[in-house]
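For reference, the structure discussed in these notes is given below.
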């Protein structure tokens, strides 16, 4: 290396910072012991600020532009170094570039649920999360309060402290609002604006401006959300008595319309039997809904008689007279259905049992020819 190259390496003529990362908030210009001489070129690009530090003291701050370093544009540093009429010899100073671009999509969220007293649910726990955007507003304060002696300062080193401030103020503001949990979604914008205004002065103490604060969601615990879903489902169903009766009628119809093959016959019998049981149970359960607490009418003398019904070779029952009347009216039991009760020797068609004969109406009138009439014409 020649003498000229050695002398040239002792000076810094061009000072600039090129970086395409959005995570670095501050970068200390690498001098490697070199000095800055009079007339050196300083370049500060848009989204940057250059801060000069002399012996630990904050000196001049340069906004975006290109500068020729002279006494005229470094008044604070000139005063610190005692330059009255300009300087000729090189000097040493730390130069820190600060990123002043807006940093967006920073996440915040509650680590633990927030305990609140709600007007609808009583004591509840809520979780919340969202995003915020920041940028360096005062580079001097930022360097002095945050960066310190770091050679490179990233946003990750700052967001934890900012997140703690956000969560603390959010918890306090949410508790003071007294807004019911089910109405919070309609107040996200209003709550966000209030919290941003509250935390802005605290961020400014670090030289930072919070330009955007958003609440994405305030959530109930999963078990509470499941209970709300069930409650909403019941509201959609409406009248539970009518819904139960409708379901029972559908079950009986499906059982009666099953195919007549072996497997279908068995499943049809089982379905019809289950339909009988459901109709009987639901009818008894729903009969007292909405009625006054008056005693029921006395039962008929045959009310206690119970019959078994044979459907596709399967026995179902026993059913009392009232239940059989319902099944006869619905067409599930006909006069040809085989029935049996205690004391009978064999199964008989229901129409031949004295206690049930009058439930099917009067017998058909005989014709003059002594035979049954043909089927009636179609409708």
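Kindly establish whether residue 131 is crowded, with 16+ Cβ neighbours inside 10 Å and under 21 Å from residue 210 (Cα atoms). Here the answer is no, as residue 131 does not meet what is asked.
Within the range 76-91, if we keep just the residues that are touching a strand residue (DSSP E or B) at 6+ places or on another chain (Cβ under 7 Å), under 21 Å from residue 61 (Cβ atoms) and modelled with pLDDT of 70 or more, the residue that is surrounded by the most Cβ atoms within 10 Å (Cβ to Cβ) turns out to be 77. Among the residues of the range 113-156, those identified as without any contact (Cβ under 8 Å) to a residue 24 or more places away in the chain and farther than 30 Å from residue 225 by Cβ are 148, 149.
In the range 347-369, the residues that are outside the structural domain of residue 329 (by TED's automatic domain parsing) form Cβ pairs under 6 Å with partners that are modelled with pLDDT under 80, at six or more places apart or across chains, as follows: 367/373.
Please tell me if residue 179 is in a loop (DSSP other than H, G, I, E, B) and buried (at least 16 other Cβ atoms within 10 Å of the Cβ). Taking the combined requirement at face value, the residue satisfies it.
Can you tell me which residue among 216, 225 is more than 16 Å from residue 103 (Cβ to Cβ) and either outside any helix (DSSP H, G or I) or touching a helix residue (DSSP H, G or I) at 6+ places or on another chain (Cβ under 7 Å) (or both)? Residue meeting the stated conditions: 216. Could you list all residues from the range 36-48 that are surrounded by fewer than 16 Cβ atoms within 10 Å (Cβ to Cβ) and under 58 Å from the mean Cα position of the chain (by Cα)? Within the range 36-48, 41, 45, 46, 47 meet the criteria.
Here the strands (runs of 3 or more DSSP E) wholly within the range 100-147 that include at least 3 residues being over 29 Å from residue 182 (Cα atoms) are 122-136.
The values are calculated or read from the model by the stated rules, or taken from the named source; none is laboratory data. Just so we're clear, the structure is a prediction, and the values are computed from it rather than from any experiment. With ideal geometry, Cβ positions are generated from the backbone for all residues, glycine too; neighbour counts draw on all protein chains shown.
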